[in-house]
Structures are given as C-alpha cells and as structure tokens.
Amino acid sequence: MPPSVEPGRRAVCRVAVVDDQPLFVDGLASAIDSSRHMRVGVRCATLAEARDSLSANPSIVVCSLRLPDGSAFELLAEIIHRSRPTAMVMVAASPAPHLAQACRHLGAAGFLLKSDSPAKIVGALTRVSHGEPAFDAAVLGKPGEYLRLSARERSILEGVVMGRTNDEIASDLEVSRKTVEVYLSRLFARTSSLSRTELAVKALHNRWLDVPATLSFLRDRAPALSPLGTFP
C-alpha cells in the first residue's frame with residue numbers, strides 16, 4: 001500500500017532511469033529531482049540491471065529504446081505482467097513513428113525523444129504520474145505506420161529483407177512454397193506494396209522488424225493507465 005500522505009500533499013513518485021549514456025542519465029535525473037513530486041530512485045545502464053530494479057517498485061520506468069544487452073520492449077513485457085502498477089516511458093534518439101505507435105499499442109505510457117528539453121520530459125512524466133499518456137502527435141506520425149506482425153509474418157518479412165527467394169524462405173521455415181506465397185500476398189495487401197523490393201524498402205524505412213514478434217499480442221493484457229503512487 002502507498003504510504004500515508006499528509007492532507008494537501010501529494011506522494012512523491014519514484015522514477016527509475018534506464019540508459020547507458022551517463023550524461024543523459026545525469027541530466028534527466030537532475031531535472032526530475034528538481035521537480036516537486038518526482039525523485040529518481042534507481043539508475044540503470046543495462047536491461048539486466050533494469051530487471052533487477054523492478055524489485056524497488058518504481059512508479060515510472062524511463063527506458064532507452066535500445067540497450068547494450070537487449071530492447072526496452074523486453075522490459076515492457078515484464079512490466080505489463082507486474083501485479084504492482086508501474087508505468088513505462090520509452091525514450092529514443094530520433095523520431096520513429098512506427099516504434100512510437102508500437103509502444104502505445106503494447107501498453108507503454110509514453111514515447112519521448114532524448115533531444116526534448118528537460119522541462120518537456122518532466123512535464124510528460126508528471127502527466128504519466130497522473131495516469132495520462134505522454135505521446136507527442138508529431139512523433140507518433142500518421143495512423144497506420146505500426147504494422148502488427150505475427151511470428152510467421154515476421155519470419156517471412158525478414159527473409160524478404162535479406163533478399164531470399166520464396167523457395168529459400170520455405171526451406172528455412174520448413175513450410176511449403178505455397179504457404180510463403182500466401183503470407184506474402186497478405187503482406188503486399190496490408191502494406192500496399194506492389195513488389196518484394198517495395199515491401200523490403202518499407203520494412204526497413206518504417207522499422208517494422210524492430211518490435212519483437214513475441215510482444216505483438218500483448219495489447220489485450222496491458223493495464224489501463226491510472227494515477228501512480230509511491231511504494232515503500
């Protein structure tokens with residue numbers, strides 16, 4: 001249970017920052033600690049450290065999209081299944097509409113840019129602490145840029161991007177050539193692509209393969225955002 005708070009005062013929201021760039025972590029931590037209702041309780045540089053930090057029960061986890069030993073999406077999968085309320089906000093070095101939409105779709109509370117001002121990031125985290133999402137419309141881009149892939153679709157798309165033929169993809173996946181052709185036809189239709197080359201270019205440009213296939217069906221399990229408190 002959250003600790004008692006004096007009437008008229010709001011509980012302090014504990015934040016964990018996960019990133020392997022010390023300058024970014026130090027700057028963000030300083031900005032958060034200067035706010036009225038948030039404090040950085042944990043700093044991590046790797047996915048392994050971030051997993052261990054969950055035992056400290058942070059209210060918000062601010063995590064870099066790319067980590068030395070894995071992806072922030074792996075941590076998101078664990079946070080979604082936690083019994084205690086923890087919101088996760090992704091931070092990226094550059095705008096990536098597909099990834100921002102994937103984050104929202106899979107249950108993250110926000111998607112921010114490292115280039116955002118400290119004030120903007122703190123403001124976004126404050127909204128998250130109140131149970132509100134923190135997604136910038138400019139970063140999200142146009143609706144539909146997120147392509148939800150099944151494990152099979154992802155495997156076939158990976159083969160297309162690598163330049164492998166239908167027969168080679170079928171052999172790799174131990175399925176028939178016809179199965180590969182059926183999946184490709186569906187991918188062409190879903191992405192409005194007219195050729196394998198166009199499909200591969202779109203996949204690389206929109207970074208459709210950056211989201212692990214195992215996370216593509218977590219949306220229904222993601223908890224609704226709610227105001228976050230402090231944990232002992």
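The values are calculated or read from the model by the stated rules, or taken from the named source; none is laboratory data. Predicted, not measured: the structure shown is a model, and the values here were computed from it. Cβ sites come from the backbone with ideal geometry, for glycine too, and all protein chains shown count toward neighbours.
Answer yes or no: is there a residue in region 102-125 that is among the basic types (K, R), closer than 26 Å to L204 by Cα and under 12 Å from the mean Cα position of the chain (by Cα).
Checking region 102-125: at least one residue is among the basic types (K, R), closer than 26 Å to L204 by Cα and under 12 Å from the mean Cα position of the chain (by Cα).
For region 43-61, enumerate the residues that are crowded, with 20+ Cβ neighbours inside 10 Å and outside any helix (DSSP H, G or I).
C44, P58, S59, I60, V61
Could you look through region 1-42, keep only residues that are under 17 Å from G123 (Cα atoms) and in a loop (DSSP other than H, G, I, E, B), and pick out the one that is modelled with the lowest pLDDT?
Taking the candidates together, the pick is R10.
Does F188 fit the bill of being of a type in the set (F, W, Y), at pLDDT 75 or above and not assigned by TED's automatic domain parsing to the domain that holds R84?
So F188 passes the test.
A quick yes/no check of all residues on (1) out of contact with any strand residue (DSSP E or B) (no Cβ under 8 Å at 6 or more places or on another chain); (2) in contact (Cβ under 8 Å) with a residue 40 or more places away in the chain; (3) within 29 Å of E198 (Cα to Cα):
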| position | (1), (2), (3) |
| --- | --- |
| L67 | no, yes, no |
| E74 | yes, yes, no |
| S83 | yes, no, no |
| K114 | no, yes, no |
| S117 | yes, no, no |
| A137 | yes, no, yes |
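Which residue pairs have Cβ atoms under 6 Å apart, sit 6 or more places apart or on different chains, and have a first residue in region 30-45 that is under 13 Å from A56 (Cα atoms) and a second that is among the polar types (S, T, N, Q)?
V42/S53; C44/S53
Just give me the residues in region 153-205 being within 21 Å of A96 (Cβ to Cβ) and exposed (fewer than 13 other Cβ atoms within 10 Å of the Cβ), in sequence order.
S192, L204, H205
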